[in-house]
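Nothing in this text is a laboratory measurement; each read-out follows from the coordinates by a stated rule. Since this is a predicted model, take the numbers as computed values, not measurements. All Cβ positions, glycine included, derive from the backbone under ideal geometry; neighbour counts span all protein chains shown.
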Amino acid sequence: MVSASASADQGRTPRGRRSKTAAASPDVYTMAEAARLKGVSYHTVSRAVRRGKLPAQRLGRMALISADDLRDWRPMRERAPRKYRRREPDPTATPALLDLASGERVSLAQRLSTLYELIHGGAGQLPLPEFLALLADRLASALDLRRVSIWVLADDGKTLRRMARFGPPMSDIEETRLDQAPFFQAVLESSEPVTVVALSERWPDFARAGNDLSDIFAAPLRAGGRVLGFVLGDRGGPSFTLSPDQAVLAEGLANQAALALDRARLRDEQLKRVEQLAAIIDNVAEAVVAIDADGNMTTINAAGRDLYGIDEAAAAENLEQAVNRVNRREMDGSALPTEQTPLMRALGGERMRDRRYVLIRNDGAELPVSVNAQPIRNAEGEVTGAVAVIRQL
């Protein structure tokens, strides 16, 4: 009977290198499984990987360790925290379900993981046109396409617009109605997640309208049961097919791209609404002031800046400091504590109407005002801030 430690030493030379005659194992282990197998903590394995003492291959954010490298590694248990030193190796730890011998599959999985992260990061940070351009670039790289175009369905559900492309244009068409583009309509209505279409056979009219179009990659973009648009791509004329792994990658990217596109469109619409609302508020004749749940001022319009006696530059640099220079007193001359101001009471859930007091600016001006204030609530009814409209009497 061979012990676990003796078994781990098999296939090694005295210097710790694998014997040339030992067959390399295709198995790989996650860091958690490696820790179990060696009887050490996850932290010990992670530290060895970070310091380069234990080779690992990255799969997105996951580190995978080959069985051979794990067998060769000798952790320094005497340096581990005391509570980890008595751990026993677990020879039943199973390898991750991945075969490192399949280099193409690992490469595709790595690219997919990275692309998912990049796609969703871009959707949350970039304006819609820039995000779609980035998406077209990454799809071309991932699927070895020479040209990519992304078409988005307009709100009317009848018009398609080419919103982004990578490489030379496939055709001069930039906008079209669905009823005038049977090929586009077929792509949108396709039940296939991804497909490579022989245009010359199925859609000769579109092939003739394009630039060296032969086989073309097509994937509808669907999110939440809605069709948002589609992606087209080709390799500049030559016929091609997608390998099974590339088809899986393409389907995953199309699904993620659809979700990210939906998120980017919603974000774009929200930013437009915010900008419109900000423009409206800034042109209101009365002062408008808003605070967040912590009492920090988040909004003040032009009339509010005039009332408080602060300029736009000072408000942009340190709005809180500029506003805090203002004092307040009751109409009878007594002090008005900050916690009793209409905004702060609205933050506590009250609605204030025609609350009158005197606002004393930093330049000494005393301005009688009337304030209406109310809490801002989220969908669950929780107070997330407060807003006040201040009118000078």
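See the values below:
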{"item": "Length added when fully stretched, residue 43-residue 174, from 0.36 nm per residue minus Cα-Cα", "result": "41.7 nm"}
{"item": "Modelled FRET efficiency - R0 30 Å, residue 366 with residue 293, Cβ distances, 0.05 increments", "result": "0.45"}
{"item": "Order of 262, 234, 294 - criterion: other Cβ atoms within 10 Å of each residue's Cβ, fewest first", "result": "294, 262, 234"}
{"item": "Label-to-label distance, nm, for residues given as residue 137 and residue 279 (7 Å Cα→Cβ offset)", "result": "3.0 nm"}
{"item": "Ranking of 213, 277, 126 by count of other Cβ atoms within 10 Å, fewest first", "result": "277, 126, 213"}
{"item": "Karplus-derived 3J(HN,Hα), 6.51/-1.76/1.60, for each residue of the stretch 141-147, Hz, glycine and proline x", "result": "5, 5, 10, 6, 9, 7, 9"}
{"item": "The stretch 131-193: GluC sites (Glu not before Pro) in DSSP loop, at most 11 other beta carbons within 10 Å", "result": "none"}
{"item": "Sorted by Cβ density within 10 Å, fewest first, the residues 288, 231, 40", "result": "288, 40, 231"}
{"item": "Space enclosed by the convex hull of the alpha-carbon atoms of the stretch 152-299, per residue, Å³", "result": "169 Å³"}
